[in-house]
1. Compute the distance from the alpha-carbon center of the range 74-102 to that of the range 49-67, in whole Å.
2. Please enumerate, by chain and number, the lysines with C-alpha under 20 Å from the C-alpha of K25, excluding those fewer than 8 residues away in the same chain.
3. Only Lys, Arg, Asp and Glu count, each charged at its Cβ (+1, +1, -1, -1), so figure out the dipole size of the chain about its Cα centre, rounded to 20 debye.
4. Projected onto the charge dipole of the chain (+1 at Lys/Arg Cβ, -1 at Asp/Glu Cβ, origin at the Cα centre), which of A100, V76, I56 gives the Cα projection farthest towards the positive end?
5. By how many degrees, 0 to 90 and rounded to 10, does the Cα axis of helix 173-183 deviate from the longest principal axis of the chain?
6. Kindly express, to the nearest 10 degrees and within the range 0 to 90, the angle between helix 98-108's C-alpha long axis and the longest C-alpha principal axis of the chain.
7. Given the -39500 (n - 2.57) contribution per DSSP H run of 4+ residues, what per-residue ellipticity at 222 nm results for the chain, rounded to the nearest 500 deg cm²/dmol?
8. Of the listed values (1) 23, 21, 14; (2) 30, 18, 15; (3) 33, 20, 15, identify the label whose number matches semi-axes √(5λ) of the Cα gyration tensor in Å calculated from this model.
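Values quoted throughout were computed directly from the atomic coordinates according to the rules given, and no laboratory measurement underlies them. Nothing here was measured: the structure is a model prediction, and the numbers come from that model. All Cβ positions, even for glycine, are placed from backbone atoms using ideal geometry, and neighbour counts span all protein chains on display.
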Amino acid sequence: MIRRILSILLVLTLVALPALGCVGKTLIVGTDSTARSRVVAQLLAILINERTGTTIEIVDYASGDELFKEMTGGNVDMALAYASSALTRMGKDVPADPQAAFKAVKKAYQEELNLIWLGPLGFSDEANPSSLAAPIAQKHALKKFPALPRLIAKTSGLLPLETIQNLSEAENIAKAVRDFLKDKKLI
């Protein structure tokens, strides 16, 4: 009888371990204190926490330059970025075509900064409509949280500019984002 109970406990433990892979770990999501960045940070935080059990810490920085410095320094695991702005910050030419710009920044960031661009979210920078917005992540964070790219990809195309603006104008952004994710059946 005791062997049977121990066998059952062992099987239950082995089945539960993969699901607990992210539980107890912390992921730092940075924002540049803009409304859009804060909405995306809330969306990532709620989605990742609800689906993986990972603790998310959102850290606001005063500017995009400060966030970039912290990101390249390894102090931020994930943040929102715009393709054209990112290329400009690196001193690179910006292709006119949004997809070409995204492809160029994805390659440059991975090769030169060890940062990974995930899929575009569905909206662009308001000063530059051809500059696609997407989360960027530390390579080490993606190794630590291997399910993140597939999980975040579920939001691709669900966030047009109008949706981001509506969410940013909500009285309680976290509640509005949570309701949005529930409505889209993502949590």
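1. Their Cα centres are 19 Å away from one another.
2. The reachable lysines, counting only those whose Cα sits under 20 Å from K25, are K139, K143, K144.
3. 1200 debye
4. I56
5. Helix 173-183 and the main axis of the chain meet at about 70 degrees.
6. The two axes meet at around 70 degrees.
7. -14500 deg cm²/dmol
8. For semi-axes √(5λ) of the Cα gyration tensor in Å, the calculated option is (3).
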